[in-house]
1. Is at least one residue of region 52-72 surrounded by 10 or more Cβ atoms within 10 Å (Cβ to Cβ) and of a type in the set (D, E, K, R)?
2. Restricting attention to region 220-246, and to residues there that are modelled with pLDDT of 65 or more and closer than 23 Å to Leu301 by Cα, which single residue is surrounded by the most Cβ atoms within 10 Å (Cβ to Cβ)?
3. If only one of Ala69, Ala52, Ala32 is under 26 Å from Leu109 (Cβ atoms) and either among the aliphatic types (A, V, I, L, M) or part of a strand (DSSP E or B) (or both), which one is it?
4. If you take the residues of region 155-175 that are part of a loop (DSSP other than H, G, I, E, B) and not hydrophobic (A, V, I, L, M, F, W, C), which of them is farthest from the chain's Cα centre (by Cα)?
5. For region 10-38: of the residues being farther than 28 Å from Asp140 by Cα and touching a His at 6+ places or on another chain (Cβ under 8 Å), which is most open to solvent (accessible area, probe 1.4 Å)?
6. Test Pro307 against the criterion of being surrounded by fewer than 16 Cβ atoms within 10 Å (Cβ to Cβ), at pLDDT 80 or above and more than 20 Å from the chain's Cα centre (by Cα), and give yes or no.
7. Please tell me if Thr93 is open to solvent by 50 Å² or more (accessible area, probe 1.4 Å), under 28 Å from Ile276 (Cβ atoms) and either at pLDDT 75 or above or not β-branched (Val, Ile, Thr) (or both).
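The values are calculated or read from the model by the stated rules, or taken from the named source; none is laboratory data. All figures in this text were calculated on a predicted structure; none of them were measured in a lab. Because the Cβ atoms are built from the backbone with ideal geometry, glycine has one as well, and the counts that use them run over all protein chains shown. What goes into the accessible areas is simple: the full protein's heavy atoms, side chains included, and nothing from ligands, DNA or RNA. Shrake-Rupley method; radii C 1.70, N 1.55, O 1.52, S 1.80 Å.
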Amino acid sequence: GFRRSVKPEVFLPGGSTYHRPVKEDPDGGVTAQPLPSGRISPPGQRAAAPSAREGRLDAALYGHGSSYAAALASRSMALIHEMLTGLFTEEGTDPPPEECVAPLLKTLLVHTASSDRACETLQKCSLEDTYRLLGYGEADIARVLGCTDHRVTLIAWGSLTAGKAHAYEVPLPSQLATMTGWRRLTLSLGWLTPIHANHQRYRRAHLWFTDFFTPKAAHARGVLRVSRQRGYRAAQRGTLQHEVFEGESASGYDSGEILPLQVNCREDAGSFEGSIPYGLAATLEIAPELDIEIYDEIRTLVRQAVPVSARPA
């Protein structure tokens with residue numbers, strides 16, 4: 001991606017295809033060329049197509065490529081939008097303002113991404129190399145279409161002007177304080193920015209979340225006892241920051257403990273007017289073997305929380 005950012009951010013299946021050998025290398029390897037897309041039989045992604053027979057509406061072809069993956073991404077975001085609409089109606093709360101919908105949808109799509117399965121295959125690649133191949137990983141939208149007793153997702157949105165920040169507090173379940181076992185915190189922030197085509201840095205606005213691994217959050221650093229995955233610097237170069245923190249040790253924090261999370265905004269490629277819309281998602285999940293239900297407790301704590309505060313970045 002531009003300035004070595006993660007691009008594309010997420011991986012979705014583009015369909016498999018047959019390959020034709022075109023050259024055999026001296027070391028025994030074979031160079032293969034994919035067969036053309038648009039076949040009437042598998043393999044590949046099945047998609048609607050014009051029919052050779054007039055009036056027929058059920059024709060389809062099998063193909064492969066990034067266009068098929070892009071269609072699945074659009075469909076995934078449509079399902080996420082449908083889920084959010086139902087959620088706001090059920091809770092009786094106002095939906096996000098129109099300008100925040102797009103960044104929130106792209107944030108939630110990438111929030112489902114994981115490179116776990118990819119890393120099993122690409123064992124010799126660093127996380128930076130995995131970013132170049134698969135972005136943040138393979139999307140699994142079921143992770144945001146619904147939660148479980150052991151996984152809870154918090155969402156937020158807003159707009160920021162240059163030099164301002166929004167401060168959030170992520171509540172922690174009290175039962176997890178003394179439990180030893182796997183836990184993961186996933187944080188994702190996406191935004192839309194105006195551009196400056198004649199500037200080397202191109203994007204006029206830069207947003208990023210200040211996580212609890214900064215020196216100013218030394219206390220919170222030891223609260224959840226999780227480690228930051230490698231490659232986080234690349235995650236801060238684009239318009240979608242996605243990071244994963246994992247650990248297994250018992251934390252021993254007090255009841256009512258929170259993790260501070262701040263979304264910041266600054267000018268990047270020259271100045272800009274107006275505000276920058278963003279979407280934010282945080283998911284805390286634990287191993288089912290821990291046999292504690294964190295969803296209801298965190299939901300109650302969020303409903304009791306003080307509204308988000310604004311401050312200088």
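1. No: region 52-72 contains no residue that is surrounded by 10 or more Cβ atoms within 10 Å (Cβ to Cβ) and of a type in the set (D, E, K, R).
2. Among them, the one singled out is Val244.
3. Ala69
4. In this case the residue turns out to be Gly163.
5. Gln33
6. Against the criterion (surrounded by fewer than 16 Cβ atoms within 10 Å (Cβ to Cβ), at pLDDT 80 or above and more than 20 Å from the chain's Cα centre (by Cα)), Pro307 does not qualify.
7. yes
A quick yes/no check of all residues on (1) open to solvent by 70 Å² or more (accessible area, probe 1.4 Å); (2) touching a residue at least 12 places away in the same chain (Cβ under 8 Å); (3) outside any helix (DSSP H, G or I); (4) over 16 Å from Glu293 (Cα atoms):
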residue: Asp140; (1), (2), (3), (4): yes, yes, yes, yes
residue: Val144; (1), (2), (3), (4): no, yes, no, yes
residue: Thr153; (1), (2), (3), (4): no, yes, yes, no
residue: Ala177; (1), (2), (3), (4): no, yes, no, no
residue: Gly181; (1), (2), (3), (4): no, yes, yes, no
residue: Thr186; (1), (2), (3), (4): no, yes, yes, yes
residue: Gly190; (1), (2), (3), (4): no, yes, yes, yes
